[in-house]
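**Q** What follows is a single structure, and I will ask about it in a moment.
The values are calculated or read from the model by the stated rules, or taken from the named source; none is laboratory data. The structure displayed is predicted, hence computed values, not measured ones. Backbone-built Cβ (ideal geometry, glycine too); neighbour counts: all protein chains shown.
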Amino acid sequence: MRANTPFLALALAFAAASPSLAAPCSNTGVGYDDWKPRMAGEARAAGVGERGIAALMGTSYSKATISADRGQKSYKYSLEKFMQVRGAETIVAQGRKRKAQNPGFYRSLEQSYGVPAGVLIAIHGMETGFGRDTGNTNVISAISTLAFDCRRSEYFTGHLLAALVLVDRGVITTASTGAKHGEIGHTQFLPGSVLAYGVDGNGDGHIDLNTQADALASTANFLRGKGWVPGAGYQKGEPNFAVLKEWNAASVYQQSLAIMGSRIDR
Ligand SMILES: [Ca+2]
């Protein structure tokens with residue numbers, strides 16, 4: 001998942017802060033420890049509490065995150081090649097089994113959010129191989145590093161503020177791990193999306209995107225929030241295809257989801 005919107009209220013609070021006071025970004029790790037207290041001041045002004053501030057101050061610059069960020073390749077494959085490389089056949093085969101093994105779970109998600117099983121299962125398979133690979137990078141340090149880094153500082157500052165609020169609320173901790181860019185859980189939500197769309201799918205009183213039920217309910221909630229029309233199609237040219245673009249900006253990715261989803265749902 002890449003195309004997330006940072007939590008609105010925090011983004012607005014951040015935008016309202018004077019730009020001249022903004023902590024300066026950097027293209028290297030140099031100055032990270034001087035940046036942290038300045039960023040903490042901004043976070044405090046945006047409403048982040050003491051637990052969140054302490055989490056920020058405890059971060060360290062993540063070289064693994066920056067190296068992954070610099071190495072990101074755009075999706076240059078053809079659709080066919082992309083699907084082959086990402087193991088679409090396996091995702092569809094395993095996805096059908098998962099749906100057949102747990103039909104009530106997927107039916108209840110569709111009843112609550114209007115999003116059919118195939119789409120959610122295709123996303124689950126594409127993002128983490130159905131939860132098998134959720135990543136082992138420290139979430140707060142990854143996000144904080146990307147907020148410090150100049151390339152997409154503003155975008156990730158919104159996600160950092162969201163991450164710190166999630167720490168305040170106990171949704172994530174300083175020990176939480178995720179993918180290299182701080183994506184969290186079974187369907188790889190960035191913190192702003194966890195804050196905006198995270199829901200407690202299994203009803204245990206906690207939002208934990210490392211559990212399948214919470215992650216898939218949150219994913220369905222995200223898609224619904226982005227304009228999913230219950231009962232309408234999601235293939236290219238149909239109303240809900242536009243919502244798949246909110247999930248991932250790459251055209252081959254969107255088309256793959258649509259194709260895999262329909263094969264799983266067939
Ligand atoms: Ca839960």
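**Q** Can you pull out every residue in the range 33-46 that is of a type outside the set (A, V, I, L, M) and more than 13 Å from Ser153 (Cβ to Cβ)? Working first, answer last.
**A** The initial filter retains those residues of the range 33-46 that are of a type outside the set (A, V, I, L, M), namely 33-38, 41-42, 44.
Listed by number, the residues that qualify are Asp33, Asp34, Lys36, Pro37, Gly41, Arg44.
**Q** Which fully enclosed helices (runs of 4 or more DSSP H) of the range 102-157 have 2 or more residues being in the same structural domain as Lys63 (by TED's automatic domain parsing)?
**A** Working: elements: 103-113, 117-128, 139-148.
The qualifying helices (runs of 4 or more DSSP H) are 139-148.
**Q** Collect the residues in the range 69-85 that are more than 15 Å from Leu244 (Cβ to Cβ) and not in a helix (DSSP H, G or I), keeping them in residue-number order.
**A** If we filter the range 69-85 for residues that are more than 15 Å from Leu244 (Cβ to Cβ), which is where we start, we get 69-74, 76-78, 80-81, 84-85.
Across the range 69-85, the qualifying residues are Gly71, Gln72, Lys73, Ser74, Lys76, Tyr77, Ser78.
**Q** For the condition within 19 Å of the chain's Cα centre (by Cα) and not small (Gly, Ala, Ser), what is the one hit in Glu110, Glu127?
**A** Working: Glu110 fails: within 19 Å of the chain's Cα centre (by Cα).
The unique qualifying residue is Glu127.
**Q** Kindly indicate whether any position in the range 167-176 is more than 15 Å from the ligand (Cβ to nearest atom), in contact with a helix residue (DSSP H, G or I) (Cβ under 8 Å, 6 or more places away or on another chain), in the same structural domain as Ala45 (by TED's automatic domain parsing) and not in a loop (DSSP other than H, G, I, E, B).
**A** Within the range 167-176, one or more residues are more than 15 Å from the ligand (Cβ to nearest atom), in contact with a helix residue (DSSP H, G or I) (Cβ under 8 Å, 6 or more places away or on another chain), in the same structural domain as Ala45 (by TED's automatic domain parsing) and not in a loop (DSSP other than H, G, I, E, B).
**Q** Another question about this same structure. Considering only residues that are of a type in the set (S, T, N, Q) and within 9 Å of the ligand (Cβ to nearest atom), look in the range 180-220 and name the one that is surrounded by the fewest Cβ atoms within 10 Å (Cβ to Cβ). Can you show your working first?
**A** The first filter runs over the range 180-220 and keeps only residues of a type in the set (S, T, N, Q), leaving 187-188, 193, 202, 210-212, 218-219.
When the remaining residues are screened for being within 9 Å of the ligand (Cβ to nearest atom), the result is 202, 211.
Numbers: Asn202: 13, Thr211: 18.
Restricting to residues being of a type in the set (S, T, N, Q) and within 9 Å of the ligand (Cβ to nearest atom), the top hit is Asn202.
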